1. With the requirement that a residue be touching a Ser or Thr at 6+ places or on another chain (Cβ under 7 Å) and over 15 Å from residue 89 (Cα atoms), what does region 115-137 give you?
2. Has region 234-245 got any residue that is surrounded by fewer than 14 Cβ atoms within 10 Å (Cβ to Cβ) and not β-branched (Val, Ile, Thr)?
3. Working only within region 23-42, note down all residues that are open to solvent by less than 40 Å² (accessible area, probe 1.4 Å), within 16 Å of residue 85 (Cβ to Cβ) and without any contact (Cβ under 8 Å) to a residue 24 or more places away in the chain.
4. Quick one: which strands (runs of 3 or more DSSP E) lie wholly within region 89-173 and hold at least 3 residues that are open to solvent by less than 20 Å² (accessible area, probe 1.4 Å) and touching a residue at least 40 places away in the same chain (Cβ under 8 Å)?
5. Scan region 1-42 for residues that are among the polar types (S, T, N, Q) and in a helix (DSSP H, G or I) and jot them down.
6. I'd like the full set of residues that are within 30 Å of the chain's Cα centre (by Cα), touching a residue at least 40 places away in the same chain (Cβ under 8 Å) and assigned to a strand (DSSP E or B), limited to region 289-305.
7. I'm trying to understand the selection: among the residues of region 43-82, which are more than 29 Å from the chain's Cα centre (by Cα), part of a loop (DSSP other than H, G, I, E, B) and under 24 Å from residue 105 (Cβ atoms)?
8. Pick out the one residue from 286, 258 that is more than 19 Å from residue 201 (Cβ to Cβ) and either under 27 Å from the mean Cα position of the chain (by Cα) or open to solvent by less than 20 Å² (accessible area, probe 1.4 Å) (or both).
Amino acid sequence: MDIPVYLVAGFLDSGKTDFINGILEDGFANGQRTLLICCEEGELEYNPKALKDVTVVTVEDESELTCSFLKQCEKKYRPKQVLIEYNGMWMLNRLYEDVLPANWVLYQVMTFVQASTFELYAKNMGQLMMEKIINADLLVFNRCNEELRTALRKRNLRMVNRRADIYLENEDGTSEDYANDDTPPFDLDQEIIDIPDDDYGVWFVDVMDRPERYRGKLVHMKLVMCHSKQYPGVDCPGRFAMVCCEDDITFLGLIAHGEGLDRFQNHDWIEVTARMDIEEHKAYEGTGPVMNILSIAPCEQPATEVVSF
């Protein structure tokens, strides 16, 4: 029998235990035998009044968290569902690849970040921080003030994880959607929308989130040529971008159609004018924006090769 697993991730003092208390108090475990595996103990404790139908098992060392240990827990406690409060200093890959039993199905990953410590962790423990953000289905930055909200939005975290629901929780307990501004970042009334070299990342986020906004529009920009290895025959020029930290450089490309693309090699710099459209493609796992190239020519590399946010 499959057992749903809900994983709560984040560093110490990020709000994980507070969140678990909240959902338990709201009835998450009512009538459902729930196994709560605690891999990190902070100052806040679980509310004993909310632990009806909940068995808490504490794992103090990562080496103790093994597939055989979890199977023993399944046999002993017969849970209908599992909550895991995961240690922020442990890598998620090990949990996915080696620890979870085959019938323990990961339903949701919820990542919590104390907003004031995000920059510090991203700089000093980039891989640990980024994997928890990349894998999240729900991402919450808590204890935000206006300055922190502005800084986080400038990070364009949508580039790190496009599927997650992202919320900024304020110091007064209210919260707001990470993407709360629907104002276009460029003047869409221009005959040709010129995308500055340093603003490609901003444009990429917007066109991926709102492709219909650009449908039929002409755009002009400098790009790096890329012929996809994963999808042979597909051209996807774009730019390299530092999304969150120096260890997290990725290529942001869009599918392109048109004559002349095959004249250029991978990593060649090109200057293009294109008409935007939307189409379905397996690379997008659905529909996404495409560039129909109207003109293409070689160009010099911009002063800054890697864009940032």
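1. 136
2. No - not one qualifying residue is present in region 234-245.
3. Hit for region 23-42 is 23, nothing else.
4. 104-114
5. Result: 17, 21.
6. 289, 291
7. 51, 53, 78, 79
8. Of the residues listed, the single one that is more than 19 Å from residue 201 (Cβ to Cβ) and either under 27 Å from the mean Cα position of the chain (by Cα) or open to solvent by less than 20 Å² (accessible area, probe 1.4 Å) (or both) is 286.
The values are calculated or read from the model by the stated rules, or taken from the named source; none is laboratory data. Predicted model, so just to flag it, every value in this text is computed and none were measured. Ideal geometry is used to build each Cβ from the backbone, glycine not excepted, and the neighbour counts take in all protein chains shown. What goes into the accessible areas is simple: the full protein's heavy atoms, side chains included, and nothing from ligands, DNA or RNA. Shrake-Rupley method; radii C 1.70, N 1.55, O 1.52, S 1.80 Å.
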